[in-house]
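**Student:** Pasting a structure here, questions to come.
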Amino acid sequence: DTAVSQTPKYLVTQMGNDKSIKCEQNLGHDTMYWYKQDSKKFLKIMFSYNNKELIINETVPNRFSPKSPDKAHLNLHINSLELGDSAVYFCASSQDPSRQETQYFGPGTRLLVL
Amino acid sequence: KQEVTQIPAALSVPEGENLVLNCSFTDSAIYNLQWFRQDPGKGLTSLLLIQSSQREQTSGRLNASLDKSSGRSTLYIAASQPGDSATYLCAVSPDSWGKFQFGAGTQVVVTP
């Protein structure tokens, strides 16, 4: 059973397109995250939702919009894709970060913008 | 602004040797620090989480220490095995919401 799953695993698209990445966790966690890992392997947090409410919103272009339809899902929609958006996007979840609990990561979505 | 640095960037050791991975951070006002492992083409796996009030955490062959005042953490892996080959990432969070800031990682290769 996959704890945190992401679809698609690979995404190749043209500049200017709009695309979505889906994330689902079956751990019953309350908090979910999106991270971006660039070509230099730096991992940076983008967004976090707790019980469907946005709690972390880092400085990312407003072309990126997270959506949480329920506690188990956090999707990432990207408008007008640019070359610099090429990266690996990781979804993660945790039960209650205030209780110092770890984050569980998905396998990543490799996005390539041509 | 918090900066997290990991040294060395890459490390190669023969099987059986102990591994020492270093992490430093510029702002000592952290809520916790976490060590992760990342295998090529895969997501991250949490290894150890140290709360700001703790000095170390241990799990099997892994031991992580935290010196908050000097802004340092060290991950020790005893008796390394080829299966320990991976990239090890250190991350610190300033608050309870898990807003982790990551280092660039140390790429470890353990040769048989």
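Since every read-out is calculated from the coordinates, none of them should be taken as a lab result. Because the structure is predicted, anything quoted here is derived from the model rather than measured. When we count neighbours, we look across all protein chains shown, and the Cβ atoms used for this are built from the backbone with ideal geometry, even at glycine.
**Student:** Need one value for A:40-48: mean number of C-beta atoms belonging to other chains within 10 Å of its residues' C-beta atoms.
**Tutor:** Average neighbour count from other chains, rounded to a whole number: 5.
**Student:** Follow-up question, since we're still on this one. How compact is segment B:1-44 by the rule of thumb for globular proteins, expressed as Cα Rg over 2.2 N^0.38 Å?
**Tutor:** 1.44
**Student:** Please list the equivalent ellipsoid semi-axes of the protein assembly as shown, computed as the square roots of five times the alpha-carbon gyration tensor eigenvalues, in descending order and whole angstrom.
**Tutor:** Computed over the protein assembly as shown, the values are 29, 20, 16 Å.
**Student:** Relative contact order for chain B using alpha-carbon pairs under 8 Å, separation at least 6, rounded to a whole percent?
**Tutor:** Across chain B, relative contact order equals 37 percent.
**Student:** Taking chain A as a Gaussian network, where each spring joins two C-alpha atoms under 10 Å apart, which residue of A:Met32, A:Met46, A:Met15 fluctuates the most?
**Tutor:** Of the options given, A:Met15 has the highest mean-square fluctuation.
**Student:** Okay, moving on. Within 10 Å of each Cβ in A:102-112, how many Cβ atoms from other chains are there, averaged over the peptide?
**Tutor:** Partner Cβ neighbours, averaged per residue: 4.
**Student:** Here is a follow-up. So which trypsin sites (Lys or Arg not before Pro) in segment B:1-50 end up in coil per DSSP with only 15 or fewer other C-beta atoms within 10 Å?
**Tutor:** When the trypsin sites (Lys or Arg not before Pro) of segment B:1-50 are filtered for loop state and at most 15 Cβ neighbours within 10 Å, B:Lys1, B:Lys42 remain.
**Student:** Still on this structure: Past 26 Å, Cα to Cα: identify those pairs from A:Lys9/A:Lys67; A:Lys40/A:Lys71; A:Lys71/B:Lys1; A:Lys52/B:Lys68, in the order given.
**Tutor:** Beyond 26 Å: A:Lys40/A:Lys71; A:Lys71/B:Lys1; A:Lys52/B:Lys68.
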